[in-house]
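Quick notes on the structure that follows.
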Amino acid sequence: MNSKLILLVIGCYLLTTGSAEQESRPTINDFTWLAGCWERSDTSRQFVEHWMKPSGGMMIGISHTVVRDKTREYEFLRILEQDNGDIYYIALPSGQKEAAFKLTTYNEKEAVFENPEHDFPQRIIYRLENDSSLVARIEGTSKGKERGVDFPMKRVKCD
């Protein structure tokens, strides 16, 4: 009788542990903290990123970099939840091919997307700071060297 009870307890534990892991898997709706308009600017450069709120299984974003009143870069962005629950960051930078990065790490203040096969970057990270600012970071290997670039931004009013 005791062995049956032990097996029952172990079985219940395994079932609830598996359920908890499945429930904790992020969905596109967990990215609402990224929605809105973000900006970094100084005397000669302005970097702006806009994200629409999650809808229809994705978020749509754009980025735009202006240096001395001329567009230097732009990018069309998507964060997409697939039918199987995987989440991808898909970027189409100016003058380049589209690239997809799979979500590998997530918590309520940080998302890490990776594509080890991509030239550079191999990782894209979004981190919400305690002061409600946002840091977008790209990192990986370029020309045989580890490299990382931070894009700190503040939330701004969307015009």
Residues that are more than 28 Å from PRO26 (Cβ to Cβ), modelled with pLDDT of 95 or more and either of a type in the set (A, V, I, L, M) or crowded, with 16+ Cβ neighbours inside 10 Å (or both): does region 74-82 have at least one? no
Would you check if LYS53 is at pLDDT 95 or above, in a loop (DSSP other than H, G, I, E, B) and either in contact with a Cys (Cβ under 8 Å, 6 or more places away or on another chain) or of a type in the set (Lys, Arg) (or both)? yes
Taking the conditions exactly as written (in contact with a His (Cβ under 8 Å, 6 or more places away or on another chain) and among the charged types (D, E, K, R)), does GLU81 satisfy them or not? no
Which residue pairs have Cβ atoms under 8 Å apart, sit 6 or more places apart or on different chains, and have a first residue in region 130-159 that is without any contact (Cβ under 8 Å) to a residue 60 or more places away in the chain and a second that is of a type in the set (Asp, Glu) and exposed (fewer than 15 other Cβ atoms within 10 Å of the Cβ)? VAL135/GLU129; VAL135/ASP150; ARG137/ASP150; GLU139/GLU146; GLY140/GLU146; SER142/ASP119
Just to be sure, is SER133 loosely packed, with under 14 Cβ neighbours inside 10 Å, more than 11 Å from the chain's Cα centre (by Cα) and either at pLDDT 95 or above or within 23 Å of THR43 (Cα to Cα) (or both)? no
If we keep just the residues of region 87-113 that are of a type in the set (S, T, N, Q) and outside any strand (DSSP E or B), which is farthest from HIS50 (Cα to Cα)? GLN96
If we keep just the residues of region 86-107 that are more than 11 Å from the chain's Cα centre (by Cα) and not hydrophobic (A, V, I, L, M, F, W, C), which is nearest to MET58 (Cα to Cα)? ASP86
Region 114-159: strands (runs of 3 or more DSSP E) wholly inside it with 3 or more residues that are in contact with a Pro (Cβ under 6 Å, 6 or more places away or on another chain) are 134-142
Looking at (1) surrounded by 13 or more Cβ atoms within 10 Å (Cβ to Cβ); (2) at pLDDT below 95; (3) among the small types (Gly, Ala, Ser), which is the one condition that is false for ALA111? (2)
Of the residues in region 63-72, those that are in a strand (DSSP E or B) and exposed (fewer than 14 other Cβ atoms within 10 Å of the Cβ) number 4
Every listed condition ((1) assigned to a strand (DSSP E or B); (2) modelled with pLDDT under 55; (3) of a type outside the set (Ser, Thr, Tyr)) holds for CYS37 save (2)
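The values are calculated or read from the model by the stated rules, or taken from the named source; none is laboratory data. This is a predicted model, so every value here is computed, not measured. Note that each Cβ is placed from the backbone with ideal geometry, even for glycine, and that neighbours are counted across all protein chains shown.
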